[in-house]
Amino acid sequence: MALAGTIAHAQDVVADPARSPAEVAAAARLAQVAHEELAFHPERLAPVLAALPPRWAGVTERTVTAGRDLLAMARGRPGDELPAWRIVAPLPPDRLRAIYVEAEGRFGVPWTVLAAVNLVESRMGRIASHSEDGARGPMQFMPATWASYGLGGDVDDPHDAVLGAAHYLSANGGASEGGLDHALKRYNNDVRYVRAVRAYAEVMAADERAFLGFHAWEVYFRTTAGRVHLPVGYDEPRAIRAVDHLARTSPR
């Protein structure tokens, strides 16, 4: 199948240490689009899994299942507007990973879990905006929670935010395997969130190069005009109509 071939090739590139960062990022984005397509159309998953090499079937199943859980958490149907977001480049992967590892060493929460939370909350720092609920920073802290667990740091700083998240998760049992689900549920009170974070973390724990793939994932937003790519440089102080944005940015 074409989709299985795309996923297998992309995952092979991401897993190959001889590939350049640009090649890895391009392949990871192909895999992202393919996995999200399967999350939107779960009826297509079984034949794709059957056509994939065993090495990638499990990775794909976990990644797609996580995507389906996150889609199910979305509130209501897509609207016709794009959000008032600012999209920025994330820290380089080696710097981000060093922060996760530092936080694990200090608080005991696995670095892969911190990376997965960062991926779900802000695409590892790409979404540099407050949520509608008032959550802030790359790990999306509510102000009161940050005041208690932020260690006096800057909620918008990636280093401080990750350490704050590790502190919060550890305080709620996240440094132990038996307490991690409870800690994640305190972070976001939805079992689907827990499953999604766990799934992404498991993929990275099984193959650390998967982190490079997730780091390259970009921001897409569902609207009535379809899924809209929000690239680095997107910066809107107010919500805008998706069709107007597409008319302005689509190639002539």
Using only the Cα atoms of region 94-205, what do you get for the radius of gyration and for Dmax, in Å?
12.3, 33
I need to check one value: relative contact order of the chain, counting alpha carbon pairs closer than 8 Å and at least 6 residues apart, in percent.
26 percent
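At R0 = 41 Å, how high is the FRET efficiency between Ala2 and Arg192 if r is their beta carbon distance? Nearest 0.05 is fine. Present the calculation step by step, with values, prior to reporting the outcome.
Values: r = 29 Å, r/R0 = 0.72.
The value I calculate is 0.90.
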Run the quick spin-label model on Arg209 and Glu132: label points 7 Å from Cα toward the beta carbon, then report their separation in nm to one decimal.
4.0 nm
Among beta bridges assigned by DSSP with both residues in the chain, the antiparallel ones amount in percent, to the nearest 5, to 90 percent
With r as the distance between the Cβ atoms of Ala247 and Glu177 and R0 = 45 Å, compute the FRET efficiency 1/(1 + (r/R0)^6) and round to 0.05.
0.35
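Hey, what number do you get for the chain at 222 nm if only DSSP H runs of n ≥ 4 count, each worth -39500 (n - 2.57), divided across all residues, to the nearest 500? Provide the component values of the computation, followed by the final result.
Values: 12 runs with 151 residues, N = 252.
Only helices count here, giving -19000 deg cm²/dmol.
Averaging over all projection directions, find the projected area of the Cα convex hull of the chain and quote it in nm² with one decimal place.
Working: hull surface 55.4 nm².
Computed as one quarter of the Cα hull surface, the answer is 13.8 nm².
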Only counting other Cβ atoms within 10 Å, I'd like Arg97, Arg238 sorted with the fewest neighbours first.
Arg238, Arg97
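Where in the chain are the helices, taken as whole DSSP H runs, whose Cα atoms extend 24 angstrom or more along the long axis and whose Kyte-Doolittle mean reaches at least -0.5?
Numbers: long enough: 21-40 (28 Å, 0.49); 54-73 (29 Å, -0.13).
Both cut-offs are met by 21-40, 54-73.
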Using the Cα centre of the chain as origin and beta-carbon charges of +1 (Lys, Arg) and -1 (Asp, Glu), tell me which of Leu169, Tyr149, Leu82 is placed farthest towards the positive end of the dipole.
Leu82
For a quick check, take a GNM of the chain with Cα springs below 10 Å and name the residue from Ala103, Ala116, Ala225 with the largest mean-square fluctuation.
Ala225
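What net charge do the residues around Arg19 carry, taking every other residue with its C-beta under 10 Å from that of Arg19, with Lys and Arg at +1 and Asp and Glu at -1? Write out the running numbers ahead of the final one.
On the way: positive: Arg209; negative: Asp12, Asp16, Glu23.
Surrounding charge for Arg19 is -2.
Every read-out reported here was derived from the displayed coordinates using simple, explicitly stated rules and does not represent laboratory data. Note that this is a predicted model, so its numbers are computed, not measured. All Cβ positions, even for glycine, are placed from backbone atoms using ideal geometry, and neighbour counts span all protein chains on display.
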